[in-house]
Amino acid sequence: MLALHLRANRKETVVGWYATALPEGGEEGGSGGGGYRCIADTSSLIHEFYAGECDDDPVHLVVDTSLQTDAVSLRAYRSTPVQVRGEPLANLFHEIGLSVRCSESERISVDRMINAQRRKDGGGEVEEEKKSLEEEEDEAAALRMSMERLLGMLETASAYVDGVVEGKTPANDAVGRQIEDALSAIPRIRPEVFDRMFNDSLQDLLMVTYLSNVTRTQLTIAEKLNETLAV
């Protein structure tokens, strides 16, 4: 899986591993709070394995899936080897700072799931249809805003480069390197190839949307039949 992932994301590297928090009544050992432990007895062994897979000291990410606080809590750890007479005995895990960031596509997906849950809790077919239309309008507006923001950034970068070339704007090496990194990250594709890829992706997206709508309709019909038969 790693080799397949790196074929599409060649600049990414393995920086650590993740696991879920364990209940206090599970395996012995470890530490944690709130009824769940973040470090288990096997954490040291797994950490040593990933130490050979990472270029630097691996990061251990712990995900609390208990949802006791209506949130998915995350904690990150780095380890320090504990040695006795020069022999490694175990690893001492220290918690480090952690921040969660999401891309534009991830944010849209999360918003979609949250809105779907709200629509499910609200009830009422008329209200659901109204919210569905509002969501479609919001998605179209969000896509339009994203494209307008992208176009604005491209125009700003193009105007800066033109100003530097014409001598109107003083050159900045840091900005130039950032523009170069951004351009090098974009694959060079001929326009006709890009159009074909875009159309193929669009067709796949439309097919997924169609299948999801058919599945949702079938589930709705099945729920109505179950309610009718139960009565």
Query raised in the report: If we scan the stretch 40-60, do we find a residue that is in a strand (DSSP E or B) and open to solvent by 40 Å² or more (accessible area, probe 1.4 Å)?
Result: no
Query - Lone qualifier among 14, 82, 72 - being modelled with pLDDT of 80 or more and of a type in the set (A, V, I, L, M) - result: 14
Report summary line: Subset of the stretch 76-100, residues within 13 Å of residue 45 (Cβ to Cβ) and open to solvent by 90 Å² or more (accessible area, probe 1.4 Å), comes to 88, 89
Report task. Filter the stretch 189-231 down to residues that are of a type in the set (Asp, Glu) and open to solvent by less than 90 Å² (accessible area, probe 1.4 Å) and give me whichever is nearest to residue 153 (Cα to Cα). Result -> 195
Query raised in the report: Which condition does residue 27 not pass, out of (1) farther than 23 Å from residue 98 by Cα; (2) at pLDDT 75 or above, if it passes all the others?
Result: (2)
Query - Flag for residue 160 being in contact with a Ser or Thr (Cβ under 7 Å, 6 or more places away or on another chain) and either open to solvent by less than 100 Å² (accessible area, probe 1.4 Å) or in a helix (DSSP H, G or I) (or both) - result: yes
Query raised in the report: Among the residues of the stretch 139-152 satisfying the criterion of being within 17 Å of residue 105 (Cβ to Cβ) and open to solvent by less than 100 Å² (accessible area, probe 1.4 Å), which is modelled with the lowest pLDDT?
Result: 139
Report task. Give just the number: which of (1) among the β-branched types (Val, Ile, Thr); (2) in a helix (DSSP H, G or I); (3) open to solvent by 100 Å² or more (accessible area, probe 1.4 Å) does residue 186 not satisfy? Result -> (2)
Requested in this report: Could you tell me whether residue 136 is open to solvent by 80 Å² or more (accessible area, probe 1.4 Å), charged (D, E, K, R) and either over 29 Å from residue 71 (Cβ atoms) or modelled with pLDDT of 80 or more (or both)?
Outcome: no
**Report entry** Every residue from the stretch 163-183 that is assigned to a loop (DSSP other than H, G, I, E, B) and either farther than 17 Å from residue 153 by Cβ or hydroxyl-bearing (Ser, Thr, Tyr) (or both)
**Finding:** 167, 168, 169, 170, 171
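The values are calculated or read from the model by the stated rules, or taken from the named source; none is laboratory data. Computed from a predicted model, the values in this text were never measured in an experiment. Glycine also receives a Cβ, built like all others from the backbone with ideal geometry; neighbour counts cover every protein chain displayed. With ligands, DNA and RNA removed, areas are computed over all heavy atoms of the protein, side chains included. Shrake-Rupley method; radii C 1.70, N 1.55, O 1.52, S 1.80 Å.
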